[in-house]
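Some notes on the structure that comes next.
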Ligand SMILES: Cc1cc2nc3c(=O)[nH]c(=O)nc-3n(C[C@H](O)[C@H](O)[C@H](O)COP(=O)(O)O)c2cc1C
């Protein structure tokens, strides 16, 4: 088998190229799957035990937007930076975020039963850092909020999208909790979304020659 020199060891198979091709022995509940490829070569896979840091680095290849998920305990706002955000349903309007089960913000969301997703613009990478690293009680210092009577969670001004949500469901997912939110209010502001990829912030750019 080509590539054997770089993949010797554990059970190794050539990845199926045709739709419907079977992966012998898949899934193996005891091991994780690590895909290995070199430019111009076929893709191979190998059963390994993936360390959390390796898994995090592998997932860094997936680009995402950056949001701050907010809620309130009494009049005190809370929030944390979240890239694990996605749309779920149009009817009813559902979205989901995936939060560390130990996050202080998650405990507040469980108590309040509401949260907001604030999708950051390229001018707000400082807020992404702040809502991930700064002490919780200082995170909202100097942060401008949108005033809207119907919104229960803090809505961050300057975000390209604010979604005010009720907790529809929460599902345990390993060391995280998948929170599904039913959107009750949505504010859209024109602007460039902040992107996160391979541990760095980026901005959108059209492909060469792509005029949309
Ligand atoms: C760019 C970026 C994306 C992040 N995405 C997530 C995420 O999707 N889910 C999560 O639980 N933590 C994520 N974090 C980490 C949390 O923001 C961080 O652990 C935060 O301190 C949790 O706050 P809390 O415990 O005070 O609520 C991310 C951090 C950064 C910088």
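The values are calculated or read from the model by the stated rules, or taken from the named source; none is laboratory data. None of these values were measured; they are calculated from a predicted model. Neighbour counts are summed over all protein chains in view; Cβ atoms, including those assigned to glycine, are modelled from backbone coordinates with ideal geometry.
List of remarks:
- Counted residues, the range 95-117 - those being surrounded by fewer than 16 Cβ atoms within 10 Å (Cβ to Cβ) and not in a loop (DSSP other than H, G, I, E, B): 5
- Among residues of the range 73-94, those that are away from the ligand (no atom under 13 Å from the Cβ) and either assigned to a strand (DSSP E or B) or in contact (Cβ under 8 Å) with a residue 60 or more places away in the chain (or both), counted: 6
- As for the range 102-117, it holds at least one residue that is under 23 Å from residue 190 (Cβ atoms), within 15 Å of the ligand (Cβ to nearest atom) and at pLDDT 95 or above.
- Close contacts from the range 129-141, counting a first residue that is under 17 Å from residue 100 (Cα atoms) and in contact (Cβ under 8 Å) with a residue 12 or more places away in the chain and a second that is part of a helix (DSSP H, G or I) and near the ligand (Cβ under 6 Å from one of its atoms), with Cβ to Cβ under 7 Å and a gap of 6+ residues or different chains, come to 136/104.
- Given (1) assigned to a strand (DSSP E or B); (2) outside the structural domain of residue 92 (by TED's automatic domain parsing), index of the condition residue 196 fails: (2)
- On inspection, residue 107 passes the criterion of being out of contact with any helix residue (DSSP H, G or I) (no Cβ under 9 Å at 6 or more places or on another chain) and without any contact (Cβ under 8 Å) to a residue 24 or more places away in the chain.
- Single residue of the range 190-208 satisfying the filter (under 30 Å from residue 149 (Cα atoms), more than 16 Å from the chain's Cα centre (by Cα) and in contact (Cβ under 8 Å) with a residue 60 or more places away in the chain) that is surrounded by the fewest Cβ atoms within 10 Å (Cβ to Cβ): 192
- Looking across the range 118-136, the residues that are in contact with a strand residue (DSSP E or B) (Cβ under 9 Å, 6 or more places away or on another chain), in a helix (DSSP H, G or I) and more than 8 Å from the ligand (Cβ to nearest atom) come down to 122, 124, 125, 127, 130.
- So residue 158, is it assigned by TED's automatic domain parsing to the domain that holds residue 95, in a loop (DSSP other than H, G, I, E, B) and under 16 Å from residue 117 (Cα atoms): yes
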